[in-house]
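Student: Dropping a structure here in structure tokens format, bear with me for questions.
The values are calculated or read from the model by the stated rules, or taken from the named source; none is laboratory data. Since this is a predicted model, take the numbers as computed values, not measurements. All Cβ positions, glycine included, derive from the backbone under ideal geometry; neighbour counts span all protein chains shown.
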Amino acid sequence: MSDGLIESALARDRWFVGAALAALTGLAWLWLWRDWAAMTAMDPAMACMAMPGMDMSGLMACPDHPALYIAQAFLMWLIMMVAMMLPSAAPMILLYAKVARGPRGAGAALAPTAAFAGAYVVVWGAFSALAAGAQWALVRSGAASDASLALGQPRVAGLLLVAAGLYQATGLKRECLDTCRSPLSFIMQYWRNGWLGSARLGFTHGLYCLGCCAMLMTLLFVFGVMNLLWVAVLAALVVVEKLAPFGGLAAQTIGVAAVVLGGAMVVGAWPL
């Protein structure tokens with residue numbers, strides 16, 4: 001095959017993977033926007049009967065039906081994690097697709113790339129399950145609002161902000177962020193052949209990404225899981241940390257800001 005044909009095939013593969021990632025991300029954001037619009041138009045008194053991610057007339061079980069509530073909350077969190085995390089993971093996935101293809105024919109990288117990306121999403125699916133359980137517990141106990149899913153006590157929310165801010169300065173955060181910001185080094189270090197190798201690589205990357213961003217995701221409980229603006233802000237911060245040239249400095253700045261704002265909330269100087 002000529003060099004021109006090889007380059008054309010590589011471009012088609014990258015275009016297909018990139019288009020699939022963009023479509024998944026766009027559909028997830030569209031879903032979130034639809035559910036946010038439905039929630040904001042709803043009577044707060046009916047909050048326990050509505051839940052993002054449901055198409056059955058928007059109805060769901062109240063928190064006293066834990067299995068159904070948690071299942072529906074899990075779906076919401078999973079869609080939200082896809083919307084928030086795939087954009088920052090896209091460069092890693094695209095680079096993996098390029099490396100996985102190697103000298104093979106057009107389309108050879110699609111299946112292993114799907115395994116890589118699927119395993120990555122599985123990690124955030126596990127986080128979504130934990131978040132859904134935490135959401136149910138907070139709403140059931142009255143610690144969080146039925147409507148906005150935000151913590152009702154400013155001091156508790158402030159402590160969570162402080163904890164997230166302090167985590168930004170830890171060695172674990174720095175290690176995970178550095179790994180996420182160095183996709184080629186990561187692939188060279190952890191590369192394994194075959195489908196199982198692809199899934200293992202994606203799972204490992206997901207764990208590093210979780211270590212980098214999980215504490216930021218918990219801040220959804222501070223200003224409201226269904227606050228779409230806050231969801232977008234956190235997604236943008238993740239992209240800046242992982243992809244911008246000044247991402248490391250941005251992570252430290254975010255940490256300082258979170259500690260200051262959280263401290264103000266704890267002492268009552270900034271009521272939420």
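Student: Test V99 against the criterion of being free of Cβ contacts under 8 Å to residues at least 60 places away in the same chain, β-branched (V, I, T) and closer than 23 Å to C176 by Cα, and give yes or no.
Tutor: no
Student: Could you tell me whether L184 is modelled with pLDDT of 95 or more, more than 22 Å from D146 (Cα to Cα) and surrounded by fewer than 20 Cβ atoms within 10 Å (Cβ to Cβ)?
Tutor: When the stated conditions are applied, L184 does not pass them.
Student: Of the residues L161, L138, which is within 23 Å of M80 (Cα to Cα) and at pLDDT below 95?
Tutor: That would be L138, the only listed residue that is within 23 Å of M80 (Cα to Cα) and at pLDDT below 95.
Student: Okay, next question. Would you pick out the residues in segment 157-176 that are farther than 12 Å from A264 by Cα and β-branched (V, I, T)?
Tutor: T170
Student: Could you list all residues from segment 151-181 that are basic (K, R) and either surrounded by 19 or more Cβ atoms within 10 Å (Cβ to Cβ) or over 21 Å from A90 (Cα atoms) (or both)?
Tutor: R155, K173, R181
Student: A follow-up question, please. Scan segment 153-171 for residues that are more than 18 Å from the chain's Cα centre (by Cα), closer than 16 Å to A250 by Cα and of a type outside the set (G, A, S) and report the count.
Tutor: Here the count works out to 2.
Student: Could you identify the single residue in Q153, Q168, Q135 that is touching a strand residue (DSSP E or B) at 6+ places or on another chain (Cβ under 8 Å) and polar (S, T, N, Q)?
Tutor: Step by step, each of Q153, Q168, Q135 is checked, and only Q135 is touching a strand residue (DSSP E or B) at 6+ places or on another chain (Cβ under 8 Å) and polar (S, T, N, Q).
Student: Considering only segment 140-156, I want to know if a residue exists there that is in contact (Cβ under 8 Å) with a residue 60 or more places away in the chain and of a type in the set (K, R).
Tutor: Yes, there is a match, as at least one residue in segment 140-156 is in contact (Cβ under 8 Å) with a residue 60 or more places away in the chain and of a type in the set (K, R).
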